[in-house]
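Structure first, commentary second.
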Amino acid sequence: MKNILTKITLLFVIGTLFYSCSLVKRVPDNKQLLVRNEIFANDKRVKEERVNNLLTQQPNNKFIAYPLRLSLYNLARKNPDSSYRAWLDKTPNRRDNLNAILSKKQVERLAQSFVVSGFNNFLKNTGEPPVIIDKKRIAKSETRLSSFYYENGFLKNTVTSKIDSIGTKKGKVTYTINTGVVYTIDSLSREIQTPDLDSLYVVEERKSFIKPTNSYLSSDFDNERRRITKQFRNSGVYHFQENNVNFIAIQNDKDHKLGIILKIDDRSIKVEDELVKRPFKIYKISEVNIFTNSNSRKIRNQLNDSIAYNGYNFYSTGKMQYKPKALLNSIFVEKGKVFSDTDRALTSKSLNNLSVFNYPNIEYIEDPSDSTKTSLITNIYLVNKKKFAWRPSIDVTTSDIQQFGISGRMSFTWRNVFKRAENLEISTRGNIGSSKDFANPKNVFFNIFEFGGDIKLNIPRIFFPLNTKSIIRKDMFPSTQISTGLTNQKNIGLDKESLSGGINYNWSTTDGRNKFRFDLLNINYVRNLNAGNYFNVYKTSYNRLNQLAVIYSDPANIDPITNNLTDEGTLNFISDVLSGAAGLTIDDQDYKTILSISERYVRLVEDNLIVSSSFSFNRSTKLNMHDRSFYNFKAKIESAGNLLSLVGSGLKLTKEESAAGNTKLFGIEYAQYIKTEVDYVKQWDFGKKNTLAMHTFAGIAIPYGNAKSIPFSRSYFAGGSNDNRGWQAYSLGPGRSGGINDFNEANFKLAFSSEYRFRVSGNFHSALFVDVGNIWNFLDNVEDERYMFTGIKSLQDLAVGSGIGFRYDFDFFVFRIDLGYKTYDPGRETSDRWFKGINFSKTVLNFGINYPF
């Protein structure tokens, strides 16, 4: 035992020494590798990332506390080409022999080849050179630290630094900061030379970021400059800029207070060769000109069509292609109003959203006819996009089901179709493929196909019989979309024909944070063409019936050769059981199992007609794609079947009852339900690309009236790469049933996920995650308690999945691999649910593009 411990200790010491020496392999003599930085402010360690990021030198990046990239760099040879030439000259005649086989020039070029230098260059490029402590950069870091604390009110701070050795060729840098006392604002006064500006300032003085008794913050002064500039420029002061706002500070070091004077001088303008001061003026818009099909004043000599409408002048180089009223929905600059930057920004954004023009050019010029010199002429130059656009695409795909497939799409866009900036898009799509899983009696290669087409009309306003402008203003960028589509599908499933269509309205708040969508009408009709293929697709249900048929079925239903249920015998067996002919009663568990399979069969092979309306709300505080601290909230409510019920009764259309007692309209049993969902995502930024993300979802769809269940397309499932990653998609739930069906779905869902994301090295990231959730049946036709949500007690059926993820950030998208494990499995016995799926052999591998939420 003593010998073993001695060997282990010796190996540990040797390994430690090797690790220590390998890190400083490329560190020159009399230099030190920067191992860490430490910052102390008033004798307290500062760990705040924004302060640490001020340092101009950071230690080498680490992968799980190990500088992996530095080690890779150290593995590379310094001069592989020199080593190669030494190898050539090491043996007599080696160079001559190679020259005879290749050529002298090629032998020399081998020094730069992948064989000689390629792997070495890979190590250098992938690795990271050692960070050597540099006194000049330390001095720069001191300056940046001092500036940071100065900008945060510590005007008399001092910063010193010290280098300490912590091993052979290694060192750390310690920065010591004495912040001193924070300075506060004692008073705020103003000296605004232009009286009109002084009057404007007083109106919103209460909004000032600079207030007496507040600590001095340089960011408050920057924000105040922007606030004043925005206020003035939205109040007609066309020539005002941020650099016109100045602050004078009177410093009282004894009391650590500052007296602030806001100073705005008159405008400096050039008269001949001399700069003179003139008061700022408030400008009004005297004229608005809209030039179509040009972005330059050069077209003035080519204009041959013009229209004056509601005080606006419209010009065109040819026949006017746009109705003036339609364009005015996107123009916020108005004749007679004062100049406003906000009006200009809204006009640019709204015109750009029309998708019929390139980005607009808006210019303001002083009106030469105004003797007071307080008027502006607004010229808006618009360049038409191409009237027609055609975009084809083709893809070759492969999957477990479709071994080979070719898919294509072709879309045609007709812009400004009705001269009101509407865009019409007509698209077709198709797919042909080969599958060995599909019945193929004629042995043709392409045995599955899908084709379809869509028509969409986008209208840049609310298209509705009633006037909605008082509710949905034009600065909310309203739009209407009318669409219809048809799809025909033949594959290894049930084969489907589907028809969809509807009309929806979209609008948002001016800042774009709140978005709204109202689907006035959404129609979806699905017709199953190959219901007889059901039990070939849903093998789990078929195999379970086979097991029970051996016990309960009439032998006539079973093929004597295969000893399996025949196609006709499968349905006959289900009918015998439910009618009582097989000897099973409603209290028997096997009866309940067959009843469940029967209900699912009826539900999935029946044709669906869904006519619904819905309202959605989405609020996001995310500023841009690089924002890592935000929240996103979505809510939706949907109602289906009410319109059909009303139309059917009012027009007395032909009705008939289905076997389930529900009403059929046009020969189809239509869906009727109410559905609501809430989705919330919150993300916290911890710096250095380390974030904590949380996702919560709750959704329920309750059938009523003409329906006892929810259509499959409107139900919920659990599991998969964007849900509970410990289970594959559709394999979790409902409830504690254990996911025994091929595709498990229900009408009630709860889900919660949390994920800690951290950077490993470069663009390589990782994450630790925990997912909680499940689906249940609630207030529908399912009566098996294992599937049902019966109250708070059912929350013990929430499944818990956990694991680790690996991601690579390509900037424009993130490729993701997540390894999920079943931490708590409600499908098992209550005493046997925890940690039974934490095994590498039971890993659920999830692939995805971008983050799961």
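Tabulated data
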quantity: Residue in region 592-605 that is in contact with a strand residue (DSSP E or B) (Cβ under 6 Å, 6 or more places away or on another chain) and not aromatic (Phe, Trp, Tyr) present; calculated: yes
quantity: Subset of region 507-541 (residues that are in the same structural domain as Lys496 (by TED's automatic domain parsing), among the small types (Gly, Ala, Ser) and touching a Lys or Arg at 6+ places or on another chain (Cβ under 8 Å)); calculated: Ser508
quantity: Condition check for Thr562: more than 16 Å from Asp742 (Cα to Cα), surrounded by fewer than 18 Cβ atoms within 10 Å (Cβ to Cβ) and out of contact with any helix residue (DSSP H, G or I) (no Cβ under 8 Å at 6 or more places or on another chain); calculated: yes
quantity: Subset of region 150-172 that is without any contact (Cβ under 8 Å) to a residue 40 or more places away in the chain and touching a strand residue (DSSP E or B) at 6+ places or on another chain (Cβ under 7 Å) - its residue that is farthest from Leu33 (Cα to Cα); calculated: Asn157
quantity: Count of residues meeting criterion [touching a strand residue (DSSP E or B) at 6+ places or on another chain (Cβ under 6 Å) and under 30 Å from Asn642 (Cα atoms)] in region 715-732; calculated: 2
quantity: Residue pairs meeting the criteria (Cβ under 6 Å; at least 6 apart or on separate chains; first more than 27 Å from Ser731 (Cβ to Cβ), in region 759-777; second part of a strand (DSSP E or B) and among the hydrophobic types (A, V, I, L, M, F, W, C)); calculated: Val760/Phe63; Ser761/Phe63
quantity: Flag for Thr372 being loosely packed, with under 11 Cβ neighbours inside 10 Å and either in a strand (DSSP E or B) or not assigned by TED's automatic domain parsing to the domain that holds Arg233 (or both); calculated: yes
quantity: Meets criteria (of a type in the set (D, E, K, R) and assigned by TED's automatic domain parsing to the domain that holds Asn431) for Asp588; calculated: no
quantity: Selected residue (only one of Ile362, Ile331 is outside the structural domain of Trp414 (by TED's automatic domain parsing) and in a strand (DSSP E or B)); calculated: Ile362
quantity: Asn214 being farther than 24 Å from Leu376 by Cα, touching a helix residue (DSSP H, G or I) at 6+ places or on another chain (Cβ under 8 Å) and surrounded by 11 or more Cβ atoms within 10 Å (Cβ to Cβ); calculated: yes
quantity: Residue check for Thr229: assigned to a helix (DSSP H, G or I) and within 43 Å of the chain's Cα centre (by Cα); calculated: yes
quantity: Any chance Ala86 is among the aliphatic types (A, V, I, L, M), modelled with pLDDT under 65 and surrounded by 13 or more Cβ atoms within 10 Å (Cβ to Cβ); calculated: no
quantity: Lone qualifier among Tyr787, Tyr704, Tyr730, Tyr716 - being under 24 Å from Ile610 (Cβ atoms) and at pLDDT below 90; calculated: Tyr730
quantity: Condition met for Ser306 (among the small types (Gly, Ala, Ser), in contact with a Ser or Thr (Cβ under 8 Å, 6 or more places away or on another chain) and modelled with pLDDT under 95); calculated: yes
quantity: Residue in region 245-258 that is surrounded by 14 or more Cβ atoms within 10 Å (Cβ to Cβ) and closer than 30 Å to Asp343 by Cβ present; calculated: yes
quantity: All positions within region 737-754 that are closer than 25 Å to Ile804 by Cα and not hydroxyl-bearing (Ser, Thr, Tyr); calculated: Gly738, Gly739, Lys749, Leu750, Ala751, Phe752
quantity: Any helices (runs of 4 or more DSSP H) falling wholly within region 113-207 and containing at least 1 residues that are out of contact with any Ser or Thr (no Cβ under 7 Å at 6 or more places or on another chain), aliphatic (A, V, I, L, M) and modelled with pLDDT of 95 or more; calculated: 135-151, 195-203
quantity: Among residues of region 786-798, those that are within 17 Å of Asn744 (Cα to Cα) and exposed (fewer than 13 other Cβ atoms within 10 Å of the Cβ), counted; calculated: 0
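A quick yes/no check of all residues on (1) assigned to a helix (DSSP H, G or I); (2) assigned by TED's automatic domain parsing to the domain that holds Glu142; (3) at pLDDT below 90; (4) not aromatic (Phe, Trp, Tyr):
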| site | (1), (2), (3), (4) |
| --- | --- |
| Thr6 | yes, no, yes, yes |
| Ile14 | yes, no, yes, yes |
| Phe18 | yes, no, yes, no |
| Glu38 | no, yes, no, yes |
| Arg50 | yes, yes, yes, yes |
| Gln57 | no, yes, no, yes |
| Asn60 | no, yes, yes, yes |
| Ser71 | yes, yes, yes, yes |
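The values are calculated or read from the model by the stated rules, or taken from the named source; none is laboratory data. These figures come from a predicted structure and were not determined experimentally. Cβ sites come from the backbone with ideal geometry, for glycine too, and all protein chains shown count toward neighbours.
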